[in-house]
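What follows is a set of notes on a single structure, which appears directly below.
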Amino acid sequence: MAPRQRAGALLAGLGLLVFASAPGCGSDKRTGQAGDAGDTAVGADVALGGVLVVSEVMSYAPDRALSYVELQNPGPDAISLAAFNLVRYAPGDTAGRAIALPAETLAAGAVWTIGTTAAASGAYESAFGRAVDQTSDEVTGGGEDAWATARDGEVIDLYGVVGATGEAAAAFRATDAVAVRFPGAAATTTWQPGDWMIATELAVETFGEPNWPFARFDAAGFGEVRFAP
């Protein structure tokens, strides 16, 4: 499978202004391992900088084995990934299951991708042009999970609503879709739908790269797109 057309080309084709991606995407990254499950409490909102945020959630429709969660260091300084966990909250789960991140340094502005363990060898490279940085059994591609980054058992940033099911999860459900965070959105422990674009046109993904500064536009050609009211 050839790599998908990327967000920048699509936006340019719609006559929309796009910018170069943020610097710092060239950090040395190696595959890590999934960690043990554990309870993670939601704490207070934190300011942008010195944190790790959820930047993209993909439920890959052609093959859910190629789904992923992308994290970003939005601050001005490099951080150690080992200080954080990624936490999955499946529908109805309020305790969460933690994925340990490896002892790698993530440069300012750089991203880290966590894919499924079900993908065939070389499949991410074929679909997206590059490999994931890490895999985990917790990444399933169902599109109904809430995701959080946490440090020392306290949530730092949150995508979705912990424990939500049914209609309560509709605002962040991304089944067979991709959720892309608007650059510059501050880390938060409450679901902020206005910080995200959720689109069924999967080519708006920016897998393994900092997200484009999407405008809030009439997204003709992007399939079903949801924004905050």
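Please treat every number below as a calculation from the coordinates, not as lab data. Values in this document were obtained by computation on a predicted structure and should not be read as measured data.
What the table shows:
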| item | result |
| --- | --- |
| Per-residue HN-Hα couplings for region 105-117 [Karplus 6.51, -1.76, 1.60; θ = phi - 60°; Hz; x = Gly/Pro] | 8, 10, 5, 4, x, 7, 10, 9, 10, 10, x, 7, 8 |
| In sequence order, calculated HN-Hα J values of region 68-85 (Karplus, 6.51, -1.76, 1.60; Hz; x Gly/Pro) | 6, 10, 10, 10, 9, 8, x, x, x, 10, 5, 10, 8, 4, 4, 6, 10, 10 |
| For residue 50, residues with placed amide H under 5 Å, excluding near neighbours | 75, 77 |
| Karplus-derived 3J(HN,Hα), 6.51/-1.76/1.60, for each residue of region 152-166, Hz, glycine and proline x | 6, x, 10, 5, 9, 8, 9, 10, x, 10, 4, x, 5, 9, x |
